[in-house]
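Engineer: Before I ask anything, here is the structure I am working with.
The values are calculated or read from the model by the stated rules, or taken from the named source; none is laboratory data. Because the structure is a prediction, the values reported are computed rather than measured. Cβ placement follows ideal geometry from the backbone for every residue including glycine, while neighbour counts extend to all protein chains displayed.
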Amino acid sequence: MDGLGVDSKPANLLRRACQPAHPARFSKGRRMVNTSSHGRVKRFHAEFRGDEAVEIDILEVMLRLDEVARTRIEADTRLVRLALKALNLMMTEYSQRTGQRYPTYTVLMKYLDEPREATAPEPARVVNLPKSSTGSREQG
């Protein structure tokens, strides 16, 4: 016996030979990365040009993504994750207003393009601090 097991059909031998030693691990530089704990992977590919690309750059700066992400891919992932949370909130709002639980892409785009009633911001709070004799520079 050659140590490959009882089943020695050519297809099974080839399948066994092609299996990596650690199927859920891959090398990233000097460290091994375990991918088995992440479950299903979904990849997005989107290309934005012109004004849309500039708007995304502005959003990344406003959100300070460089402070929470080390790489461009990680920043893109965080931006998409945030966008998906915002989309979920908007879909929930739409469902509560209309009663339609699963709006289509077209319906939701029309809803998002509708003008919204502007809510007035809360008035600025004015806080009067008590005057202190030690901290004030009163001229007499």
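Engineer: List every residue pair whose Cβ atoms sit under 6 Å apart, with the two residues 6 or more apart in sequence or on different chains, where the first one lies in region 69-90 and is outside any helix (DSSP H, G or I) and the second, anywhere, is hydrophobic (A, V, I, L, M, F, W, C) and at pLDDT below 95.
Structural biologist: Correct list of pairs: Ala69/Ala75.
Engineer: When the residues of region 91-110 are narrowed to those that are among the charged types (D, E, K, R) and part of a helix (DSSP H, G or I), which ends up nearest to Phe48 (Cα to Cα)?
Structural biologist: This residue is Lys110.
Engineer: The conditions are (1) at pLDDT below 90; (2) under 20 Å from the mean Cα position of the chain (by Cα); (3) aliphatic (A, V, I, L, M), and Ala118 fails exactly one of them. Which is it?
Structural biologist: Unmet condition: (2).
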